[in-house]
């Protein structure tokens with residue numbers, strides 16, 4: 001009945017769902033005080049942006065640990081980029097003059113002689129030294145034991161292969177370059193670079209794929225040779241060799257003589273580089289003598305696979321190292337050193 005205020009439920013109770021009555025005392029307003037600004041979406045646990053951020057972080061951590069935690073990692077090789085980790089490896093790298101972007105020391109580290117030396121050498125070389133939380137060093141080191149010390153190596157600056165060829169031709173009448181075909185061990189790369197500098201080679205060419213590159217490990221093995229040796233990186237080694245032949249270089253591959261004989265396959269004088277498709281095949285001494293008065297690129301293959309088919313077909317000569325002993329092969333860096341001596345002795 002209209003106007004019957006005595007009917008049950010006809011009168012709205014204070015504080016009902018239809019709104020607060022005047023004079024609530026500001027209780028609800030006070031409940032909103034001291035909450036601070038609204039968190040960012042990525043910081044809210046239930047927000048999709050937060051879930052994406054957590055997934056990306058997990059993926060990054062998983063990628064940083066790729067490669068396992070074998071003995072190599074314990075010796076300071078980390079899979080998360082070109083970094084040197086561990087007190088002894090970092091000190092050795094700084095002693096060898098490895099170019100670096102920064103030295104990172106963990107906060108509140110209990111410094112010993114190695115950390116003191118590492119910091120002093122870094123400062124002396126103009127390398128920034130930063131103190132960072134342990135979690136940042138853990139991220140950079142992956143599974144390697146960093147012992148509170150991480151050195152971030154600087155990226156190596158490669159030359160263009162054609163520029164290296166031109167530089168070599170301008171610097172000597174009979175320049176010697178070294179190219180690597182399938183060398184994947186950075187320690188072999190460093191050792192070959194060391195031999196190249198020792199025997200007066202004018203540069204080194206490495207493929208950009210499926211090959212060792214100039215990392216901190218290679219630099220240490222080179223005993224600083226990369227500071228004196230220009231290195232070019234080729235996206236296609238066979239094409240880079242062809243371009244060098246067009247510029248006047250002869251390509252000699254370091255490999256066993258395919259037919260077990262010495263001498264030229266077709267006989268005659270040396271044709272123009274890369275032309276005539278005639279290969280000089282023999283022991284390293286006789287082949288080196290044959291190419292004594294011309295520019296040469298000596299190509300070194302891997303110990304297991306040797307030279308690739310394309311490089312073998314491209315070569316103007318193939319040189320073998322005779323071994324009277326029972327061993328069937330030599331380490332690539334040892335073979336390169338012997339061949340470099342033969343090709344530069346004269």
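The values are calculated or read from the model by the stated rules, or taken from the named source; none is laboratory data. Predicted model only: the values in this text are computed from it and were never measured. Cβ coordinates were reconstructed from backbone atoms using ideal geometry, including for glycine residues, and neighbour counts include every protein chain displayed.
So, in region 307-331, of the ones that are free of Cβ contacts under 8 Å to residues at least 60 places away in the same chain and not in a loop (DSSP other than H, G, I, E, B), which residue ends up surrounded by the most Cβ atoms within 10 Å (Cβ to Cβ)? In this case the residue turns out to be 312. Is at least one residue of region 289-304 touching a residue at least 60 places away in the same chain (Cβ under 8 Å), within 30 Å of the chain's Cα centre (by Cα), in a helix (DSSP H, G or I) and surrounded by 23 or more Cβ atoms within 10 Å (Cβ to Cβ)? The answer is no; no qualifying residue exists. Looking at 157, 136, can you tell me which residue is surrounded by fewer than 18 Cβ atoms within 10 Å (Cβ to Cβ) and assigned to a helix (DSSP H, G or I)? Only one candidate qualifies: 136. Contact annotation: residue pairs with Cβ atoms under 9 Å, 6 or more positions apart or on different chains, pairing a residue in region 121-148 that is free of Cβ contacts under 8 Å to residues at least 24 places away in the same chain with a partner that is exposed (fewer than 15 other Cβ atoms within 10 Å of the Cβ), are 123/129. Residue 154 meets all of the listed conditions (1) out of contact with any helix residue (DSSP H, G or I) (no Cβ under 8 Å at 6 or more places or on another chain); (2) in contact (Cβ under 8 Å) with a residue 60 or more places away in the chain; (3) within 28 Å of residue 236 (Cα to Cα) but one, namely (2). With respect to (1) under 23 Å from residue 217 (Cβ atoms); (2) more than 22 Å from the chain's Cα centre (by Cα), the lone exception for residue 155 is condition (2).
Scanning region 91-116 for residues that are closer than 13 Å to residue 219 by Cβ and either surrounded by 20 or more Cβ atoms within 10 Å (Cβ to Cβ) or without any contact (Cβ under 8 Å) to a residue 12 or more places away in the chain (or both) yields 93, 94, 98, 100.
Of everything listed in (1) closer than 19 Å to residue 101 by Cβ; (2) touching a strand residue (DSSP E or B) at 6+ places or on another chain (Cβ under 6 Å), the single unmet condition for residue 226 is (2).
So that you can scan it fast, the table gives a plain yes or no per residue for (1) on the phi > 0 side of the Ramachandran plot; (2) modelled with pLDDT under 50; (3) assigned by TED's automatic domain parsing to the domain that holds residue 126; (4) not in a strand (DSSP E or B):
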site: 81; (1), (2), (3), (4): yes, no, yes, yes
site: 84; (1), (2), (3), (4): no, no, yes, no
site: 91; (1), (2), (3), (4): no, no, yes, yes
site: 94; (1), (2), (3), (4): no, no, yes, yes
site: 98; (1), (2), (3), (4): no, no, yes, yes
site: 101; (1), (2), (3), (4): no, no, yes, no
site: 105; (1), (2), (3), (4): no, no, yes, no
site: 108; (1), (2), (3), (4): yes, no, yes, yes
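For region 163-263, the strands (runs of 3 or more DSSP E) that sit wholly inside it and include 3 or more residues that are in the same structural domain as residue 304 (by TED's automatic domain parsing) and under 17 Å from the mean Cα position of the chain (by Cα) are 203-207, 231-234.
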